[in-house]
Amino acid sequence: MMTVPDLQRYKREGRKVVMVTAYDALFARIVEQAGIDTILVGDSLGVVVQGKLNTLSVTMGQMLYHTRLVAGATQKSLVIGDMPFMSYQAGKEEALRNAGRFLKAGAHAVKLEGGSAIIDCVEAMTQVGIPVIGHVGMTPQSVSQYGGYRVQGKEQQHATQLVADAKALEQAGAQAIVLEAIPASLAKVMTEQLTIPTIGIGAGPHCDGQVLVLYDLLGLFDDFVPKFVKPYAHLKVDALQALHRYKEEVEQGTFPSDSESYL
Ligand code: KIV
């Protein structure tokens, strides 16, 4: 079974951390069966499961529901619950209570977006034994401030700020940090300067691990495919073919045949 301390052990041993998202029991089991170390119950479910334009409307109740499904279906993978927008931004106490609810739902750690603004929350959580994964760079909960999903840290001043944020998260006790949509050269510097693992998504090859949204990786979600996504399968195409054949066979009366009937 993968545990929280294993994240840093992997970095010490030069072993990559492999993470994908999952939101339900069926896919969580498949991910675990594939030997994937870490499952993120991401608030990306707002987009890929709920069909929203962004993650902002996702609630604690919804995240806890999906975390329970994933945690209940897995035994070996490390399950990380993604704290949704406004579940930690309004104050340390509320953040702490909400983080605790994720652990009660079966998560082994929580993930929060942001840098210096959330250091107090991260400290409070780690002090009471709630493991935290940070997330800096292009943080989707700030999409309104960015005016869209854009690569972050291209200017020197912003890059310096992101390095400082990551170091502050490490000092506050974060166990790992997701780096999203930043230049590969900046992710390399951050990876070298931190003792905790960096887990990249659109942050190049030098990170200590990688994370992708499961439905992007499987080629199921094609509404918006960022440059950093590599579809390792084309399940939407397969699903469409299967459904077209099913429709055709029902219409033509060739399904069900004797082999699918009780004779
Ligand atoms: O919500 C999510 O799935 C994420 C990953 C893309 C890192 O935050």
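The values are calculated or read from the model by the stated rules, or taken from the named source; none is laboratory data. For clarity, every value in this text was computed on a predicted model and none was experimentally measured. Don't worry about glycine lacking a Cβ; one is built from the backbone with ideal geometry, like all the others, and counts go over all protein chains shown.
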Next on the checklist: Can you list residue pairs whose Cβ atoms sit under 7 Å apart, with the first residue in the range 171-192 being more than 22 Å from Thr38 (Cβ to Cβ) and assigned by TED's automatic domain parsing to the domain that holds Gly204 and the second being away from the ligand (no atom under 14 Å from the Cβ) and among the charged types (D, E, K, R)? Count only pairs 6 or more apart in sequence or on different chains.
Outcome noted: Pro183/Lys154
Checklist entry - Given the structure, is Thr21 more than 18 Å from Ile177 (Cα to Cα), of a type in the set (Val, Ile, Thr) and within 16 Å of the ligand (Cβ to nearest atom)? => result no
Checklist entry - Take the residues of the range 182-206 that are assigned to a loop (DSSP other than H, G, I, E, B) and in contact with a Leu (Cβ under 6 Å, 6 or more places away or on another chain): which is nearest to the ligand (Cβ to nearest atom)? => result Ala203
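Residue-by-condition table, conditions (1) at pLDDT 95 or above; (2) part of a helix (DSSP H, G or I); (3) of a type in the set (Ser, Thr, Tyr):
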| position | (1), (2), (3) |
| --- | --- |
| Ala117 | no, yes, no |
| Asp120 | yes, yes, no |
| Thr126 | yes, yes, yes |
| Ile130 | yes, no, no |
| Val211 | yes, no, no |
| Leu220 | yes, no, no |
Checklist entry - Filtering the range 26-44 down to residues that are among the hydrophobic types (A, V, I, L, M, F, W, C) and within 16 Å of the chain's Cα centre (by Cα), which residue is nearest to the ligand (Cβ to nearest atom)? => result Leu40
Item to check | Only one of Asp37, Asp43 that is touching a Leu at 6+ places or on another chain (Cβ under 8 Å) and closer than 25 Å to Gly202 by Cβ | outcome: Asp37
Checklist entry - Counting only residues that are within 13 Å of His158 (Cβ to Cβ) and assigned to a strand (DSSP E or B), how many does the range 132-147 have? => result 2
Checklist entry - strands (runs of 3 or more DSSP E) wholly in the range 2-87 with at least 2 residues that are in the same structural domain as Tyr146 (by TED's automatic domain parsing) and surrounded by fewer than 22 Cβ atoms within 10 Å (Cβ to Cβ) - which ones? => result none
Item to check | Single residue of the range 137-167 satisfying the filter (touching a residue at least 60 places away in the same chain (Cβ under 8 Å) and surrounded by fewer than 17 Cβ atoms within 10 Å (Cβ to Cβ)) that is nearest to Ile182 (Cα to Cα) | outcome: Tyr149
